[in-house]
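Here is the structure we will look at.
The values are calculated or read from the model by the stated rules, or taken from the named source; none is laboratory data. Small disclaimer: the values here were computed from a predicted structure and weren't measured. We place every Cβ from the backbone using ideal geometry, glycine too, and count neighbours over all the protein chains shown. Note: accessible area is taken over every heavy atom of the protein model, side chains too, but ligands, DNA and RNA are not part of it. Shrake-Rupley method; radii C 1.70, N 1.55, O 1.52, S 1.80 Å.
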Amino acid sequence: MSTSFSRSVRNAGMIGAFVMAPCLAINPGLVSAAETIKAIVTTAPNVPPPITRTVPANVIVELEAHEWVGKLSDDNNYKFWGFGTAGAAGTVPGPMIRVMVGDTVEIRLKNDKNSQESHNIDFHAVTGPGGGAAMLNTEPGQESRLRFKALNVGLYFYHCATAMGPTTSSPSIPEHIANGMYGGILVEPVGGLKKVDKEFYVVQSEFYTKPGKKGDTLEFSFENGLAEHPSHVVFNGMAGALVKNPLQAKVGDIVRMFYVNAGPNHVASWHIIGEIFDRVYPEGSLTTAPLEGLQTTVVPAGGSSMAEFKVEVPGTYLNVDHSIFRIAKGAVGLLKVDGPESPDIYKGLK
Ligand SMILES: [Cu+2]
């Protein structure tokens with residue numbers, strides 16, 4: 001067992017575990033003589049542990065498409081379509097995936113046997129037609145596989161891109177995204193990102209529903225999607241998800257946020273009230289120098305941003321889209337910072 005593998009196991013914690021090659025059936029082709037491991041994927045806001053190895057590996061990622069009714073807000077349910085880890089329920093957003101540039105990644109996508117729709121995935125981290133979607137069309141109860149080489153470092157979006165669905169008036173890719181089928185995949189540089197104290201995975205997205213009463217399971221509205229008029233704008237899949245379960249940090253921590261904007265329509269103006277981004281890696285580019293000292297950063301639909309900031313003052317900070325009326329549609333989350341007061345930085349005067 002290599003040293004890097006041992007570290008990976010220790011870092012895995014409760015989230016999952018790496019698995020060595022011999023127990024895995026690997027198809028020939030791109031696969032190299034490198035170590036074969038099973039990726040750790042995490043549910044938002046959790047982030048897979050940093051990659052400590054420095055040589056590319058064959059990485060197996062297992063995902064499962066599901067359709068289920070869940071909470072979109074305290075008042076209403078919604079029939080979501082989304083991705084989950086193998087053998088687990090679907091979540092919105094789908095799991096975060098973390099690989100290293102040069103890795104050969106094998107995606108194993110199952111579609112739950114109870115699904116009504118075919119699903120697939122277009123990974124923006126994939127070089128190849130459709131980002132892999134054409135190779136991953138998966139009927140209910142079936143499994144598809146794709147192997148790709150991660151050529152570019154960055155924080156990338158992934159989403160279902162199934163071109164057939166129940167809405168016959170238009171291509172249905174938007175509907176699959178609008179129902180919750182998306183997530184983020186980080187392709188780290190060799191040697192990984194600089195160590196920080198806290199990492200979080202936050203995905204902003206819009207939902208387009210028909211009107212309904214409190215307690216209703218709201219239905220998707222293609223017309224509102226077409227009009228780009230969302231009923232809900234949320235972080236991590238539900239209005240108030242990050243209010244009920246705030247992100248937590250301590251005074252002095254350096255926080256890194258992997259921020260993905262699923263859209264499907266609107267550009268986000270990401271801002272944390274009372275904080276300044278020390279470093280922003282615009283549009284998820286991790287190989288260019290960061291911008292420093294930013295208040296608000298634009299995150300395109302189908303794109304991402306990574307930001308790092310030190311939290312110096314205790315208290316509760318609001319994560320928002322500064323297209324600010326979206327707060328009323330659910331786009332607000334909390335970051336709670338515990339620790340000693342910092343009166344030299346922030347102090348009320350009477
Ligand atoms: Cu789909």
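Entry remark, the stretch 154-168: residues being of a type outside the set (Gly, Ala, Ser), open to solvent by less than 30 Å² (accessible area, probe 1.4 Å) and either near the ligand (Cβ under 10 Å from one of its atoms) or out of contact with any strand residue (DSSP E or B) (no Cβ under 7 Å at 6 or more places or on another chain) (or both) number 4 in total. Considering only the stretch 275-288, I want to know if a residue exists there that is under 19 Å from GLY333 (Cβ atoms), among the charged types (D, E, K, R) and outside any loop (DSSP other than H, G, I, E, B). No, the conditions are met nowhere in the stretch 275-288.
For ALA57, state whether it is open to solvent by 40 Å² or more (accessible area, probe 1.4 Å), away from the ligand (no atom under 12 Å from the Cβ) and of a type in the set (A, V, I, L, M). For ALA57, the condition - open to solvent by 40 Å² or more (accessible area, probe 1.4 Å), away from the ligand (no atom under 12 Å from the Cβ) and of a type in the set (A, V, I, L, M) - is not met. The set of residues in the stretch 96-153 that are hydroxyl-bearing (Ser, Thr, Tyr), more than 16 Å from the ligand (Cβ to nearest atom) and assigned to a loop (DSSP other than H, G, I, E, B) contains only THR127. For the stretch 181-202, the criterion of a residue being in a strand (DSSP E or B), under 21 Å from VAL298 (Cβ atoms) and touching a Cys at 6+ places or on another chain (Cβ under 8 Å) is satisfied by at least one position.
Among the residues of the stretch 228-248, those that are under 21 Å from PRO300 (Cβ atoms) and either open to solvent by 50 Å² or more (accessible area, probe 1.4 Å) or hydroxyl-bearing (Ser, Thr, Tyr) (or both) comprise GLU228, HIS229. Tell me, please, whether a residue that is of a type outside the set (Ser, Thr, Tyr), in contact with a Gly (Cβ under 9 Å, 6 or more places away or on another chain), in the same structural domain as PRO282 (by TED's automatic domain parsing) and surrounded by 18 or more Cβ atoms within 10 Å (Cβ to Cβ) can be found in the stretch 207-227. Yes, because at least one residue in the stretch 207-227 is of a type outside the set (Ser, Thr, Tyr), in contact with a Gly (Cβ under 9 Å, 6 or more places away or on another chain), in the same structural domain as PRO282 (by TED's automatic domain parsing) and surrounded by 18 or more Cβ atoms within 10 Å (Cβ to Cβ).
Please enumerate the residues belonging to the stretch 249-290 that are charged (D, E, K, R) and surrounded by 20 or more Cβ atoms within 10 Å (Cβ to Cβ). Listed by number, the residues that qualify are ARG256, GLU275.
Within the stretch 98-125, the residues that satisfy the criterion of being open to solvent by less than 20 Å² (accessible area, probe 1.4 Å) and of a type in the set (A, V, I, L, M) are VAL99, MET100, VAL105, ILE107, LEU109, ILE121, ALA125. Candidates HIS176, HIS159: the one that is modelled with pLDDT of 95 or more and in contact with a Cys (Cβ under 6 Å, 6 or more places away or on another chain) is HIS176.
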